[in-house]
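Since the structure comes first, as structure tokens, the remarks are kept for the end.
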Amino acid sequence: MPIKESTKLKRLIKAIWIFNWFNSCGFIELIPVVASRWDMERFGMIIVGSPRHADVLFIAGYQTLKSIKRARQVYEQMAAPRVVIALGSCTMTGGMYWDSYNTIKKLSDYIPVNMYIPGCPPRPEAVFEACAKIFQHVEEMD
Amino acid sequence: MSARSTMTEIMNASASTTISQSQPATEEGGYDLYFGPAHPGSGNFGVKLKVAGEVVTSARADPGYLHRGFEKLMEYRMPIQNSVLSDRICVLEALNWNLVHAEAVEELMEIEPPERAKYIRVIMAELSRIQSHIIWFGAFCIGTGFETGFKLAFGYRDYILDLFEMITGGRVYPAGYICPGGVRRDFPDGATQKIAQVLDQIRRMLRVEEMENPGLVGRAKGVGILKLQDAIKLGATGPVLRASGLKADVRKDDPYEVYETFDFEVPTREEGDAYARYLVGIEEIRQSAKIIQQALRQLPEGEVIAPKFKRIKLVTKIPEGDVYVRNEVARGEAGMYMVSDGGDKPYRVKIRGPSFLHMIPVLEHLLTGAQIADVPAIYWSLNVCPADLDR
Amino acid sequence: MAAKEALEILGKISSEFNFKGEVRRKGRIWLDTPTEGFVDFCRWLKEQGFEHLSAISAIDWPGEGMCELAYHLWSYLDKTLITLKVKIDRQNAVMKSVTEIWDGSAEAHEREIHELFGIKFEGNNNLTPLFLEDWEGLPPFRKDFNWREYVGEKYYDRDNERERVYYD
């Protein structure tokens, strides 16, 4: 009999593997999350080099027309179940560059997003809070 | 209606790009290799390499992943809004670009900031330069396989970011702290002691012996040699030019703010390879710490903003004219050309970023004839910031 | 060669050629030059020591029907910056290239201006698109391309209540 979606996800959140699509300035506060001050490897989260190994996709900051095509290809290469987390205010409304001809204004029109983290750029503690919320959400699924 | 139609246009247009086409082999048996933005060893840029065996025969840069059209965005905003936007020209050295924009507006309006403001600006700009060179060191270590150096570097960088948060309010983006006329607010109590403590930590980082890892030295020595004649012809500036033998620094040749009163050296080396650029970067951190110490001793009392800007008025008219300002940011020579026609918004702003010429002529020249395994070491040693290349 | 002051350099230029210029402050010379003989003048300047081409900027003046180009040159020996301003026609924007004098740095700047302003440079055969992919339309940085209207049509939705504010 087929395995339920919530069972698959509960096994995954034991240790999530992340692929960073770092395209813009919103990414700069994700580096301390990996480095020694807010070390995320003690929770079992590591950065992988290929989207095919990843469970979670972090999209940070504004995307231009040239890079959203590549981001869409990266998203399609990930295997289900997968989670997309969008960082920064540029993914919600266009942010500081709302009147630019080359940036996109709402990320959810192109890639389905599960969680947004506000900020310009969001602090490293906000990333951990977002992960905690995802874990809680998965635990409560039936 | 509009956003959905845009998405289908974009996805259909992707068939005409070269992402998923496989390239035919050339006569020598080589093939095309795309070293692109999602590679863990590269940054936000792409390079199209033609490869034969292990040797790169030609390279072509593919920028534009971060193009926002900065220069025209600034035409729709007033100078006080532009000073917040100018942090984001290059995220890794936000305060230096703030200073460039503030100097351009002040020179057009013929206003001098007070003495205390100039010293505070120099202290913040040098701290930002140290922080940017630490990122360069950390990224160079990842590019050559020395992971401990990366963790060391970013651990020490957080001391400086805490200091920025105490003084300006933001860790990475100071929200226009250096504005036309001076700085927004004065140092809080205890800031000067904290700066002295942070400088001690930085000096301790530079004394750690693990920085000379044999793997890093082996991968960087003799790799990516840039001769002096080529460097001047292709337009290199900053640490890249100094590591090839020419002693040129905008802070000494064309001084701005109060740099004439400080006593510091400009490090140069002769070899021009990746290891020489790395050593120049480390030595510059020491010299910046020396400048900050002298500035803290000479810091005078007084106002921090010119009287004309003391109360924030939304509409300030900029007189007609044009001006070209040169500064030394961490990556090289930065220039801003501002034209005004008498209104309250600038008519044209042209930003000259140092990474524009490091990426397109210099990188293509250096990658020809190199091994594939050396490509990350060469790229990270040039200290390219893709954001001030695409603007 | 000993280092020269800005006024000395300006005096030398005025005696050799007949151009009008001014020295605005220490180390800054501004000159208005015509388009004929421009490349020879640049070659003469490079022999005088102006080896570094800092930037080429383009400014669009639709009201006067012309585009202006500004060349910023720096001399490492004399520590002076000289800015040359040239005016060309806006409808038929063509200019001679300076890549034979300043090689790679001039080529990159001219490529960027060709893409964003639509100005052709004769003698530069590497004028391929740099930042934009599949862009058909006006050159984006010209003054007749209004960004806020363009963004309002293509990206935002006037019927959506939250996005209506972007139309004011």
Inset, instruction - Restricting attention to the stretch B:220-231, report how many residues are within 13 Å of residue B:376 (Cβ to Cβ) and surrounded by fewer than 21 Cβ atoms within 10 Å (Cβ to Cβ). - result: 1
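Residue-wise test of (1) of a type in the set (Phe, Trp, Tyr); (2) within 14 Å of chain C (Cβ to nearest Cβ); (3) without any contact (Cβ under 8 Å) to a residue 40 or more places away in the chain; (4) surrounded by fewer than 20 Cβ atoms within 10 Å (Cβ to Cβ).
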{"position": "B:278", "(1), (2), (3), (4)": "yes, no, no, no"}
{"position": "B:283", "(1), (2), (3), (4)": "no, no, yes, yes"}
{"position": "B:286", "(1), (2), (3), (4)": "no, no, no, yes"}
{"position": "B:298", "(1), (2), (3), (4)": "no, no, no, yes"}
{"position": "B:308", "(1), (2), (3), (4)": "no, no, no, yes"}
{"position": "B:318", "(1), (2), (3), (4)": "no, no, no, no"}
{"position": "B:325", "(1), (2), (3), (4)": "no, yes, no, no"}
{"position": "B:330", "(1), (2), (3), (4)": "no, no, no, no"}
{"position": "B:336", "(1), (2), (3), (4)": "no, yes, no, no"}
Legend entry - Residue in the stretch A:64-84 that is away from every other protein chain (no Cβ under 12 Å), of a type in the set (Gly, Ala, Ser) and on the phi < 0 side of the Ramachandran plot present: yes
Inset, instruction - Test residue B:343 against the stated conditions and say whether it is small (Gly, Ala, Ser), modelled with pLDDT under 90 and farther than 30 Å from residue B:145 by Cα. - result: yes
Legend entry - Single condition residue B:272 does not satisfy, out of (1) at negative phi; (2) more than 12 Å from every other protein chain (Cβ to nearest Cβ): (1)
Inset, instruction - Could you identify the single residue in B:253, B:249, B:230 that is within 13 Å of chain C (Cβ to nearest Cβ), at negative phi and touching a strand residue (DSSP E or B) at 6+ places or on another chain (Cβ under 8 Å)? - result: B:249
Inset, instruction - Looking only at the stretch B:78-100, count how many residues are more than 14 Å from chain C (Cβ to nearest Cβ), under 22 Å from residue B:133 (Cβ atoms) and among the hydrophobic types (A, V, I, L, M, F, W, C). - result: 8
Inset, instruction - Scan the stretch C:14-26 and report the pairs whose first residue is under 15 Å from residue C:38 (Cβ atoms) and in the same structural domain as residue C:42 (by TED's automatic domain parsing) and whose second residue is at pLDDT below 80 and surrounded by 10 or more Cβ atoms within 10 Å (Cβ to Cβ), with Cβ atoms within less than 6 Å and a gap of 6+ or a chain change. - result: C:21/C:10
Inset, instruction - Might you check whether a residue that is modelled with pLDDT under 90, buried (at least 21 other Cβ atoms within 10 Å of the Cβ) and facing chain C (nearest Cβ under 9 Å) occurs anywhere in the stretch B:370-386? - result: no
Legend entry - Qualifying residues in the stretch C:113-122 (those that are under 13 Å from the mean Cα position of the chain (by Cα) and of a type outside the set (A, V, I, L, M, F, W, C)) - the one farthest from the other protein chains (Cβ to nearest Cβ): C:120
Inset, instruction - Looking only at the stretch C:59-69, decide whether some residue is crowded, with 19+ Cβ neighbours inside 10 Å and small (Gly, Ala, Ser). - result: no
Inset, instruction - Would you check if residue A:91 is hydroxyl-bearing (Ser, Thr, Tyr), under 14 Å from the mean Cα position of the chain (by Cα) and at pLDDT below 90? - result: yes
Legend entry - Only listed residue being away from chain A (no Cβ under 14 Å), over 13 Å from the mean Cα position of the chain (by Cα) and surrounded by fewer than 21 Cβ atoms within 10 Å (Cβ to Cβ), chosen from B:103, B:75, B:71, B:110: B:110
Inset, instruction - Take the stretch A:23-43 and flag every residue that is farther than 19 Å from residue B:66 by Cα and in a loop (DSSP other than H, G, I, E, B). - result: A:35, A:36, A:37, A:38, A:39, A:40
Inset, instruction - Could you check residue B:159 against (1) within 13 Å of chain A (Cβ to nearest Cβ); (2) at pLDDT below 90; (3) surrounded by fewer than 24 Cβ atoms within 10 Å (Cβ to Cβ) and say which number it fails? - result: (2)
Legend entry - Residues located in the stretch C:62-76, provided they are farther than 13 Å from residue C:113 by Cβ and within 9 Å of another protein chain (Cβ to nearest Cβ): C:72, C:74, C:76
Inset, instruction - Report, by residue number, each residue of the stretch B:39-61 that is surrounded by fewer than 18 Cβ atoms within 10 Å (Cβ to Cβ) and within 14 Å of chain C (Cβ to nearest Cβ). - result: B:48, B:58, B:60
Legend entry - Exclusive hit being at negative phi and in contact with a Gly (Cβ under 6 Å, 6 or more places away or on another chain), set C:93, C:70, C:55, C:108: C:55
Legend entry - Candidates C:59, C:88, C:113, C:101 - the one that is more than 23 Å from residue C:29 (Cα to Cα) and assigned by TED's automatic domain parsing to the domain that holds residue C:13: C:113
Inset, instruction - For residue C:163, work out the one condition from (1) within 13 Å of chain B (Cβ to nearest Cβ); (2) under 20 Å from residue C:39 (Cα atoms); (3) surrounded by 19 or more Cβ atoms within 10 Å (Cβ to Cβ) it doesn't fulfil. - result: (2)
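Residue-wise test of (1) under 22 Å from residue B:69 (Cα atoms); (2) more than 11 Å from chain B (Cβ to nearest Cβ); (3) crowded, with 21+ Cβ neighbours inside 10 Å.
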{"position": "C:96", "(1), (2), (3)": "no, yes, no"}
{"position": "C:101", "(1), (2), (3)": "no, no, no"}
{"position": "C:107", "(1), (2), (3)": "yes, no, yes"}
{"position": "C:111", "(1), (2), (3)": "yes, no, no"}
{"position": "C:124", "(1), (2), (3)": "no, yes, no"}
Legend entry - Only one of A:15, A:60 that is surrounded by fewer than 16 Cβ atoms within 10 Å (Cβ to Cβ) and out of contact with any Lys or Arg (no Cβ under 9 Å at 6 or more places or on another chain): A:15
Inset, instruction - Considering only residues that are of a type in the set (D, E, K, R) and more than 10 Å from every other protein chain (Cβ to nearest Cβ), look in the stretch B:338-362 and name the one that is surrounded by the most Cβ atoms within 10 Å (Cβ to Cβ). - result: B:345
Inset, instruction - Might you check whether a residue that is within 9 Å of chain B (Cβ to nearest Cβ) and surrounded by 16 or more Cβ atoms within 10 Å (Cβ to Cβ) occurs anywhere in the stretch C:34-44? - result: no
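The values are calculated or read from the model by the stated rules, or taken from the named source; none is laboratory data. Predicted model only: the values in this text are computed from it and were never measured. All Cβ positions, glycine included, derive from the backbone under ideal geometry; neighbour counts span all protein chains shown.
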